[in-house]
Amino acid sequence: MTIITRRKLITGAAIGAGSLLSGCDALNRSAAFQDVLASAETANFTVQRALGDRMELASEYRIADLSPKFRANGTRDPGTADYAASAAQSFANWELRLTGLFAKPQQFSLAALQALPQRTQITRHDCVEGWSAIGQWTGVPLNILLDLAQLKKEAQFLVFHCADRLGGRPYYESIDLLDGFHPQTILAHRLNGEPLPIENGAPLRLRVERQLGYKHAKYVTGIEAVASLAGIGEGKGGYWQDVANYEWYAGI
Amino acid sequence: MPKDALISTQSRHRMTTRIWHWSNALCLLILLMSGLTIFNAHPRLYWGEYGANDDHAWMAVGSSQTMGYLRLGELRIETTGALGNWQDSQGRTQTWAFPGWATIPSHYSLADGRRWHFFFAWIFSVGLALFMVMSLWNRHIQRDLHMRRDQWRPSHIWRSFRAHLDLRVIRQTAGEDYNSIQKMSYIGVIFLLLPLMIFSGLAMSPAMDANWPFLTDLFGGRQSARSLHFIGAFLLLLFFLVHMVMVLLSGPFRQTRSMITGGEGKEPLA
């Protein structure tokens with residue numbers, strides 16, 4: 001009797017485990033259930049923003065802490081003729097356009113950006129996949145550009161347009177103004193004391209240190225200030241948010 | 001008879017314990033399986049602050065179209081069919097580290113795995129905090145889980161260990177107060193292992209690194225926190241397996257029923 005019931009119990013557990021798996025997959029396909037799961041993003045965002053003083057700095061490291069090799073991920077070369085031509089002349093003709101809700105929309109050449117005050121920071125890059133690399137970044141603090149172009153009061157988000165395409169779509173990302181004005185948010189053009197390599201986003205890449213790597217847009221060509229993300233791409237605020245279920249807030 | 005001793009005669013497991021037990025069981029299962037999906041995105045573990053493909057991993061699952069292997073330090077173990085190279089339900093070869101039957105969702109989706117993980121991480125964390133507060137409040141911890149002074153004696157622990165090897169003793173003592181090994185396991189899991197999972201998880205968050213930099217330092221760096229998070233998950237799995245064996249040996253129906261209905265009362269504590 002005991003043996004049979006024990007066997008039944010184990011069979012039952014196996015059937016239970018099997019139906020749990022297919023049940024999870026069915027739930028995973030349900031849009032309504034995905035919305036429930038995604039509510040954790042709101043909780044993460046609210047709590048993580050509340051725990052700091054909102055301008056809290058990410059950890060900075062020493063030269064001795066640098067990763068021997070800074071791993072590249074995502075697009076390693078935009079591969080277009082325009083990009084190759086620009087790279088051939090060390091991006092001398094690269095322009096960063098500030099558009100949208102600015103009182104003085106304007107554009108900057110790479111040289112003009114390099115003539116502005118710079119910030120150098122050694123920070124840890126955390127990829128959503130789980131790996132980390134420590135690198136030294138030099139670039140223009142974004143808040144300087146936002147002040148020069150006079151961001152309008154209606155602006156709520158900053159959208160970063162990029163020169164690379166993934167799966168045929170242009171890469172883009174967006175951040176809110178709190179991250180936009182954060183002192184460690186810079187448009188970097190140097191990595192570890194050298195001009196930014198192509199695989200890491202040359203000539204300009206966003207550093208938004210309190211979020212995961214996919215927020216750090218590479219090959220940046222423009223910053224668009226908007227009141228809402230609804231009209232950009234598919235409206236979710238970034239390439240990975242549009243094509244998969246990645247969260248707009250990537251603080252964890 | 002003191003009032004709290006009276007309460008303990010009413011049922012073996014209090015309502016708060018039972019609710020938490022089952023919600024926690026569900027959360028841990030989903031957290032483990034969605035965690036394995038997240039691990040599959042980068043099946044390598046490091047010590048220290050940084051770690052990526054060019055850095056030394058103390059543990060890695062490797063794969064090719066023909067084989068899968070697990071590397072621990074310098075030791076390489078072939079795992080074809082289980083890790084790194086396995087057949088999915090359609091018979092296709094997959095080269096993700098953990099197989100589909102162990103992950104949520106059963107196909108690889110880092111974004112979906114993260115959604116499941118963070119949603120249930122919230123339920124798990126809030127549930128654990130509530131259980132801790134309630135169990136102090138209703139004296140479950142002080143009365144049932146607190147190690148009496150004599151239970152710390154090595155001879156006592158040794159006796160308790162030997163008793164676990166004797167099926168008759170396990171069956172006879174199943175409804176009694178927890179013995180020292182049970183208490184140490186439950187206290188260890190509730191107050192060390194489960195909080196370790198929450199805090200090592202938070203230590204991997206770049207926003208938390210800015211908010212609470214001491215947290216990442218406490219674990220010796222982000223990649224160390226990730227390694228400890230992974231080790232902790234497998235210690236919890238080990239706890240679960242031993243827990244299952246003990247439940248099966250000590251009367252699975254009675255044990256499961258008492259964790260659902262509360263069960264028959266135990267003798268009042270002396």
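Please treat every number below as a calculation from the coordinates, not as lab data. Treat the numbers as computed from the prediction; the structure is a model and nothing was measured. Reconstructed Cβ throughout: ideal geometry from the backbone, glycine too, with neighbour counts over all protein chains shown.
Using a Förster distance of 41 Å, how high is the FRET efficiency between A:ASP147 and A:GLN34, based on the Cβ-Cβ distance and rounded to 0.05?
Working: r = 39 Å, r/R0 = 0.96.
Rounded to the nearest 0.05, the efficiency is 0.55.
Which stretch or stretches of segment B:33-52 have amide N atoms under 15 Å from the point lying 7 Å from B:SER89's Cα along the Cα→Cβ direction?
No residues fall inside that zone.
Rounded, prolate or oblate: which fits segment A:58-243, taking a ≥ b ≥ c as square roots of the Cα gyration tensor eigenvalues, rounded meaning a/c under 1.5, else prolate when a/b beats b/c?
Details: a/c = 1.25, a/b = 1.23, b/c = 1.02.
Cα axes put segment A:58-243 in the rounded bin.
May I ask you to derive the FRET efficiency for B:ARG254 and B:TRP137 from their Cβ-Cβ distance with R0 = 25 Å, giving the value to the nearest 0.05? List each step's numbers first, then the result.
Working: r = 28 Å, r/R0 = 1.11.
For B:ARG254 and B:TRP137, the calculated efficiency is 0.35.
Where does each of B:VAL133, A:VAL159 land when they are ranked from fewest to most other beta-carbon atoms within 10 angstrom?
Numbers: B:VAL133 11, A:VAL159 22.
Lowest count first: B:VAL133, A:VAL159.
Please work out how many pairs of lysine residues in chain A are eight or more positions apart (or on different chains) and have Cα atoms closer than 19 angstrom. Walk me through the numbers before you get to the answer.
Values: A:LYS69/A:LYS218; A:LYS104/A:LYS152; A:LYS104/A:LYS153; A:LYS215/A:LYS236; A:LYS218/A:LYS236.
Taking chain A as the scope, the lysine pair count is 5.
Looking at chain B as a GNM with Cα springs under 10 Å, which of B:ASP209, B:ASP88, B:ASP150 has the largest mean-square fluctuation?
B:ASP150
Give me the log10 of I(q) over I(0) for segment A:128-170 at q = 0.15, 0.20, 0.31 Å⁻¹, as the Debye formula computes it from C-alpha points; what are the numbers?
Those come out to -0.74, -0.99, -1.06, one per q.
What whole-number volume per residue, in cubic angstrom, does the convex hull of the C-alpha atoms of segment B:78-200 give? Write out the running numbers ahead of the final one.
Numbers: hull volume 24.0 nm³, N = 123.
Each residue corresponds to 195 Å³ of Cα convex hull volume.
Using 0.36 nm times the number of residues separating B:GLN172 and B:ALA25, minus their current alpha carbon distance, what extension gain do you get?
Working: separation 147, 0.36 × 147 = 52.92 nm, distance 2.61 nm.
Stretched fully, the B:GLN172-B:ALA25 segment lengthens by 50.3 nm.
Using a Gaussian network model of chain A whose springs link C-alpha atoms within less than 10 Å, name the residue from A:ALA149, A:ALA26, A:ALA217 with the highest mean-square fluctuation.
Per the Cα network of chain A with a 10 Å cutoff, A:ALA26 tops the list.
Semi-axes, largest first, in whole Å: what does sqrt of 5 times each Cα gyration tensor eigenvalue give for the protein assembly as shown? Working shown, then result.
Numbers: eigenvalues 508, 124, 93 Å².
Output for the protein assembly as shown: semi-axes of 50, 25, 22 Å.
Using a basic spin-label model with each label point 7 Å from the Cα along Cα→Cβ, how many nm lie between A:ALA84 and A:ASP242?
Rounded to a tenth, the inter-label distance reads 2.5 nm.
What are the ³J(HN,Hα) values, in whole Hz, obtained from phi via the Karplus relation 6.51 cos²θ - 1.76 cosθ + 1.60 with θ = phi - 60°, for each residue of segment B:29-41 in sequence order, with x given for Gly and Pro?
Computed from phi, the couplings for segment B:29-41 are 5, 5, 5, 5, 5, 6, x, 5, 4, 5, 4, 4, 5 Hz.
Could you please rank A:LYS215, A:LYS8, placing first whichever residue has the fewest other Cβ atoms within 10 Å of its Cβ? Each step should come with its number before you reach the end.
Working: A:LYS215 26, A:LYS8 10.
Starting with the residue having the fewest Cβ neighbours, the order is A:LYS8, A:LYS215.
For peptide B:251-264, what's the mean number of Cβ atoms from other chains within 10 Å of each residue's Cβ?
Working: counts 1, 5, 3, 0, 0, 1, 0, 0, 0, 0, 0, 0, 0, 0.
The per-residue average across the peptide is 1.
Quick check on segment A:3-74: take the gyration tensor over C-alpha atoms, sort the square-rooted eigenvalues as a ≥ b ≥ c, and tell me if it's rounded (a/c under 1.5), prolate or oblate. Before the final figure, lay out the partial values.
Working: a/c = 2.92, a/b = 1.99, b/c = 1.47.
Prolate, since a/c reaches 1.5 and a/b exceeds b/c.
Which whole-Hz couplings ³J(HN,Hα) result when phi for each residue of segment B:162-168 is put into the Karplus expression 6.51 cos²θ - 1.76 cosθ + 1.60, θ = phi - 60°, listed in order with x for Gly and Pro?
5, 4, 5, 8, 10, 4, 5
Once label points are set 7 Å from the Cα along Cα→Cβ at both A:GLU95 and B:LEU238, what is their separation, rounded to one decimal in nm?
6.3
Please report the net charge: other residues with Cβ closer than 15 Å to the Cβ of A:HIS189, K and R +1, D and E -1.
Numbers: positive: A:ARG119, A:ARG190, A:ARG205, A:ARG207, A:LYS218; negative: A:GLU95, A:GLU194, A:GLU199.
Around A:HIS189, the charge tally is +2.
What shape does chain B take by its C-alpha gyration tensor, where a ≥ b ≥ c are the square roots of the eigenvalues and a/c under 1.5 counts as rounded, a/b above b/c as prolate, and the rest as oblate? Intermediate results must be reported in sequence, preceding the final value.
Details: a/c = 2.03, a/b = 1.73, b/c = 1.18.
It is prolate, given that a/c is not under 1.5 and a/b is the larger ratio.
So, in Å, what gap is there between the alpha-carbon centers of segment B:193-212 and segment B:133-164?
About 30 Å separates the Cα centre of segment B:193-212 from the one of segment B:133-164.
Residue by residue, what Karplus-based ³J(HN,Hα) values in Hz, rounded to whole numbers, does segment B:176-189 have, using 6.51, -1.76 and 1.60 with θ = phi - 60° and x for Gly and Pro?
Coupling constants for segment B:176-189: 7, 4, 5, 7, 5, 5, 4, 4, 4, 5, 5, 5, x, 6 Hz.
Among A:PHE108, A:THR11, A:GLY237, whose Cα sits farthest toward the positive end of the charge dipole of chain A (+1 at Cβ of Lys/Arg, -1 at Cβ of Asp/Glu, about the Cα centre)?
Comparing the listed Cα positions along the dipole, A:THR11 ranks first.
Before anything else, pin down the relative contact order of chain A: Cα pairs under 8 Å, at least 6 apart, normalised by residue count, whole percent. Working shown, then result.
Details: 427 pairs, mean separation 50.9, N = 252.
Once normalised by length, the contact order is 20 percent.
Between segment B:97-124 and segment B:232-254, what is the separation of their alpha carbon centroids in Å?
About 23 Å separates the Cα centre of segment B:97-124 from the one of segment B:232-254.
Enter the angle in degrees (range 0 to 90, nearest 10) between the Cα long axis of helix A:2-29 and the first principal axis of the Cα atoms of chain A, meaning the one along which they spread out most.
Relative to chain A, helix A:2-29 is tipped by roughly 30 degrees.
Taking amide H positions as placed 1.01 Å from N in the peptide plane, with prolines and chain starts having none, which residues 5 or more places from B:MET59, or on another chain, fall under 5 Å of its amide H?
Here the answer is B:LEU45, B:GLY73, since their amide H atoms fall under 5 Å of that of B:MET59.
What is the calculated FRET efficiency for B:HIS107 to B:LEU130, with r their C-beta to C-beta distance and R₀ = 35 Å, to the nearest 0.05?
Values: r = 34 Å, r/R0 = 0.97.
That pair, B:HIS107 with B:LEU130, gives E of 0.55.
For chain B, calculate the relative contact order in percent as a whole number, restricting contacts to Cα pairs under 8 Å that are 6 or more residues apart. If you can, show how the numbers build up before the last one.
Details: 335 pairs, mean separation 69.3, N = 270.
Relative contact order for chain B comes out at 26 percent.
Where does the Debye-calculated log10 I(q)/I(0) of segment A:57-100 sit at q = 0.14, 0.17, 0.19, 0.20 Å⁻¹, using only Cα point scatterers of equal weight, no solvent?
Normalising to I(0) and taking log10 leaves -0.67, -0.83, -0.87, -0.88.
I want to check the label-to-label distance for B:TRP158 and B:LEU192. Put each point 7 Å from Cα in the C-beta direction and report it in nm to one decimal.
Calculated label separation equals 2.1 nm.
Just to be sure I understand: with springs between alpha-carbon atoms less than 10 Å apart, which residue in A:LEU51, A:LEU206, A:LEU191 has the highest mean-square fluctuation in the Gaussian network model of chain A?
A:LEU51
Tell me the Kirkwood radius of segment B:44-97: reciprocal of the mean inverse pair distance over distinct alpha-carbon atoms, in Å. Intermediate results must be reported in sequence, preceding the final value.
Working: mean 1/r = 0.0853 Å⁻¹.
Mean inverse Cα-Cα distance, inverted, gives 11.7 Å.
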